[in-house]
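Visitor: Attaching a single structure in structure tokens format; questions to follow.
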Amino acid sequence: MKVYRKQMAISALSLLLAACGGSGPSKPSCVESLLAGDLVITEIMANPLDRDEGKEWFEIYSPGQAHDLTGLRVVAARADGSGEAEHYVIGANIAAGDYLVLGGMIEAVKPAYVDYAYGADLGGLRNSGGKLSLYCGEALVDTVTYLEASDGVALQLDGTKNPDSIVNDDSQNWCDARTEYDPVNEPGALGSPGLPNQPCESN
């Protein structure tokens, strides 16, 4: 009888853990069928001043219609695709023709220029030889590979180019940002989170 009761208790505990998500964090499916090019990565702050923790961010753009991004899978990795870390977006929306800034901090402390906080799920974005990708299920929505991120300077897609998932594949269409975006809290940090990018200076 004692063995039977013990087995029943273990079974009940297993069911409770399963109901509460004891098997791990949830991985929601995309609520929309996002396709390649529906979202475009336009700016990446991978190497903030002083420290990376709580200061990294990247920007995406919607060239077409508004989207509910719940279930979008964000993947950060080395340039060769190894060392992947991922985050599933929950409860974020992007308007048509607008930008959304996603930051590596918790919601309670995200700065005004960050729209969505993904916490520490992606770890630290790589300062060199990095890759950011957006997936909806198995569909690759956009990906960007970058070589080197300057200290305290965001990498930006050339502001003279229409934000496009093909245009941003070419490293020649990227350059260092040149505008301070938070002179009070981040003096010297350059970028334009949530705003159109400036033109890249010609060589």
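The values are calculated or read from the model by the stated rules, or taken from the named source; none is laboratory data. This one's a predicted model, so the numbers in the text were calculated from it and none came from an experiment. Cβ placement follows ideal geometry from the backbone for every residue including glycine, while neighbour counts extend to all protein chains displayed.
Okay, residues lined up against (1) small (Gly, Ala, Ser); (2) out of contact with any strand residue (DSSP E or B) (no Cβ under 7 Å at 6 or more places or on another chain); (3) surrounded by fewer than 15 Cβ atoms within 10 Å (Cβ to Cβ); (4) in contact (Cβ under 8 Å) with a residue 12 or more places away in the chain:
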position	(1), (2), (3), (4)
54	yes, yes, no, yes
58	no, no, no, yes
72	no, no, no, yes
75	no, no, no, yes
79	yes, no, yes, yes
89	no, no, no, yes
96	yes, yes, yes, yes
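Visitor: Could you check how many residues of region 18-29 are at pLDDT below 50 and either of a type in the set (Val, Ile, Thr) or surrounded by fewer than 11 Cβ atoms within 10 Å (Cβ to Cβ) (or both)?
Guide: The number of residues fulfilling the criteria is 6.
Visitor: Which numbered condition trips up residue 171, out of (1) surrounded by 14 or more Cβ atoms within 10 Å (Cβ to Cβ); (2) of a type outside the set (D, E, K, R); (3) closer than 17 Å to residue 132 by Cβ?
Guide: With (1) surrounded by 14 or more Cβ atoms within 10 Å (Cβ to Cβ); (2) of a type outside the set (D, E, K, R); (3) closer than 17 Å to residue 132 by Cβ applied to residue 171, the lone miss is (1).
Visitor: So which residues in region 102-122 are under 17 Å from residue 49 (Cα atoms) and either free of Cβ contacts under 8 Å to residues at least 40 places away in the same chain or loosely packed, with under 13 Cβ neighbours inside 10 Å (or both)?
Guide: 110
Visitor: May I pose another question? Could you name every one of the strands (runs of 3 or more DSSP E) located completely within region 117-159 that has at least 2 residues being of a type in the set (Gly, Ala, Ser) and closer than 17 Å to residue 80 by Cα?
Guide: 128-136
Visitor: Identify all residues within region 171-180 that are within 16 Å of residue 148 (Cβ to Cβ) and of a type outside the set (A, V, I, L, M); write none if there are none.
Guide: Correct list: 171, 172, 173, 174, 175, 176.
Visitor: Could you give every pair whose Cβ atoms fall below 6 Å, whose first residue belongs to region 123-143 and is closer than 19 Å to residue 55 by Cα and among the basic types (Lys, Arg), and whose second residue is surrounded by fewer than 19 Cβ atoms within 10 Å (Cβ to Cβ) and at pLDDT 95 or above, counting only separations of at least 6 or pairs across chains?
Guide: Once the first residue is closer than 19 Å to residue 55 by Cα and among the basic types (Lys, Arg) and sits in region 123-143, its partners that are surrounded by fewer than 19 Cβ atoms within 10 Å (Cβ to Cβ) and at pLDDT 95 or above give 131/79; 131/145.
Visitor: A follow-up question, please. For region 30-43, which positions are buried (at least 23 other Cβ atoms within 10 Å of the Cβ) and either free of Cβ contacts under 8 Å to residues at least 24 places away in the same chain or β-branched (Val, Ile, Thr) (or both)?
Guide: Within region 30-43, 40, 41, 42 meet the criteria.
Visitor: Go through (1) closer than 17 Å to residue 193 by Cβ; (2) within 14 Å of the chain's Cα centre (by Cα); (3) of a type in the set (Val, Ile, Thr) one by one and return the number of the condition residue 153 breaks.
Guide: With respect to (1) closer than 17 Å to residue 193 by Cβ; (2) within 14 Å of the chain's Cα centre (by Cα); (3) of a type in the set (Val, Ile, Thr), residue 153 is out only on (2).
Visitor: For region 173-203, name all the residues that are aliphatic (A, V, I, L, M) and within 14 Å of residue 163 (Cα to Cα).
Guide: If the condition is that a residue be aliphatic (A, V, I, L, M) and within 14 Å of residue 163 (Cα to Cα), then 195 is the only one that fits.
Visitor: Please state which of the following conditions residue 165 fails to meet, knowing it meets all the rest: (1) assigned to a helix (DSSP H, G or I); (2) crowded, with 16+ Cβ neighbours inside 10 Å.
Guide: Checking residue 165 against (1) assigned to a helix (DSSP H, G or I); (2) crowded, with 16+ Cβ neighbours inside 10 Å, the one that fails is (1).
Visitor: Take the residues of region 127-150 that are surrounded by fewer than 19 Cβ atoms within 10 Å (Cβ to Cβ) and of a type in the set (D, E, K, R): which is nearest to residue 29 (Cα to Cα)?
Guide: 138
Visitor: Let me confirm something: among 155, 122, 190, which residue is modelled with pLDDT of 95 or more, under 19 Å from residue 72 (Cβ atoms) and not acidic (Asp, Glu)?
Guide: Every option except 122 fails the conditions.
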